[in-house]
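The values are calculated or read from the model by the stated rules, or taken from the named source; none is laboratory data. Note that the structure is predicted; figures quoted are calculated from it, not measured. Here Cβ is always computed from backbone atoms with ideal geometry, including for glycine, and neighbour counts include all displayed protein chains. Heavy atoms of the whole protein, side chains included, go into the accessibility calculation; ligands, DNA and RNA do not. Shrake-Rupley method; radii C 1.70, N 1.55, O 1.52, S 1.80 Å.
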Amino acid sequence: HTVVDSATNNQYRTTVNFDVRPGKVVRIDSFAYNIKQPELQSLATQTPGLIKEGDPFAKAAISEELDRLVLLYRNNGYMRFGRELLIGLWDTLDIELLRPMLDPLEQLELLQKLKERREKPTADLEIRLKPGFDSSKLKKYYVGNVTIYPDLLLDTAGLTRTESMTGDVKVISYRNMFKPKILPANIFLRHKDLYDQRNYFRTITRFNSLSAWRLTSIEPV
């Protein structure tokens with residue numbers, strides 16, 4: 001509700017009061033991954049999650065858990081996996097409480113359960129793949145050909161392009177500013193390895209730390 005404090009020069013000054021009644025804390029009664037893709041399900045269940053039974057129900061915690069799963073999958077080959085593929089579903093109603101019954105003793109027990117649920121509300125939570133997801137984003141990727149352009153300019157007119165192979169890494173240079181052999185040691189994406197997003201960012205960080213030039217992007221094929 002609001003209270004008008006004063007009115008001067010055609011301006012009204014008010015005090016706004018908010019009365020908040022949060023009610024009882026809803027807690028997680030059961031939590032499960034229901035991802036109907038065997039390897040994704042296995043990765044999710046074999047690593048510790050951020051949500052536990054008995055925790056207060058909070059959308060922020062669910063959001064953090066979805067982000068954790070996205071990173072987990074991208075670190076295990078699923079390069080195109082995104083947050084839009086996951087959904088958290090929760091249910092605050094125990095389906096057993098809707099079961100019709102004629103036994104008076106069972107009815108009394110049901111009423112007691114309903115009373116307890118009102119006193120200590122709970123929710124069941126599942127994380128699933130969102131219906132209608134893009135199945136192409138569930139493909140596992142391996143590192144293909146890695147090519148380094150250590151001294152590439154926007155305008156290469158008049159410059160001579162040279163190519164060399166150092167191990168599995170191709171180096172394409174226009175000004176020969178670097179010895180090719182020093183570059184592969186800074187690449188953490190190895191040919192034929194399972195794609196791991198951590199190695200992608202390690203490579204970006206390593207090259208950006210070199211003061212002579214900066215790497216803006218690198219993509220395994």
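Any idea which of 72, 50 is free of Cβ contacts under 8 Å to residues at least 40 places away in the same chain and within 26 Å of residue 121 (Cβ to Cβ)? Walk me through it before giving the result.
Values: 72 fails: within 26 Å of residue 121 (Cβ to Cβ).
Selected residue: 50, the only one of 72, 50 that is free of Cβ contacts under 8 Å to residues at least 40 places away in the same chain and within 26 Å of residue 121 (Cβ to Cβ).
How many residues does the range 51-71 hold that are open to solvent by less than 30 Å² (accessible area, probe 1.4 Å) and modelled with pLDDT of 95 or more?
Within the range 51-71, residues that are open to solvent by less than 30 Å² (accessible area, probe 1.4 Å) and modelled with pLDDT of 95 or more number 4.
Taking into account only those residues within the range 11-50 that are open to solvent by less than 90 Å² (accessible area, probe 1.4 Å) and among the charged types (D, E, K, R), which is modelled with the highest pLDDT?
39
Cβ contacts < 6 Å: first residue under 12 Å from residue 75 (Cβ atoms), restricted to the range 178-201; second residue assigned to a helix (DSSP H, G or I), any location; separation 6+ or different chain. Result?
197/74
For the range 35-52, indicate whether the set of residues that are acidic (Asp, Glu), over 27 Å from residue 195 (Cβ atoms) and outside any loop (DSSP other than H, G, I, E, B) is non-empty.
no
Check whether at least one residue in the range 185-199 is touching a Gly at 6+ places or on another chain (Cβ under 6 Å) and either modelled with pLDDT under 90 or crowded, with 16+ Cβ neighbours inside 10 Å (or both), and report yes or no.
yes
For residue 139, only one of the following conditions fails: (1) over 30 Å from residue 62 (Cα atoms); (2) open to solvent by 40 Å² or more (accessible area, probe 1.4 Å). What is its number?
Result: residue 139 passes all but (1).
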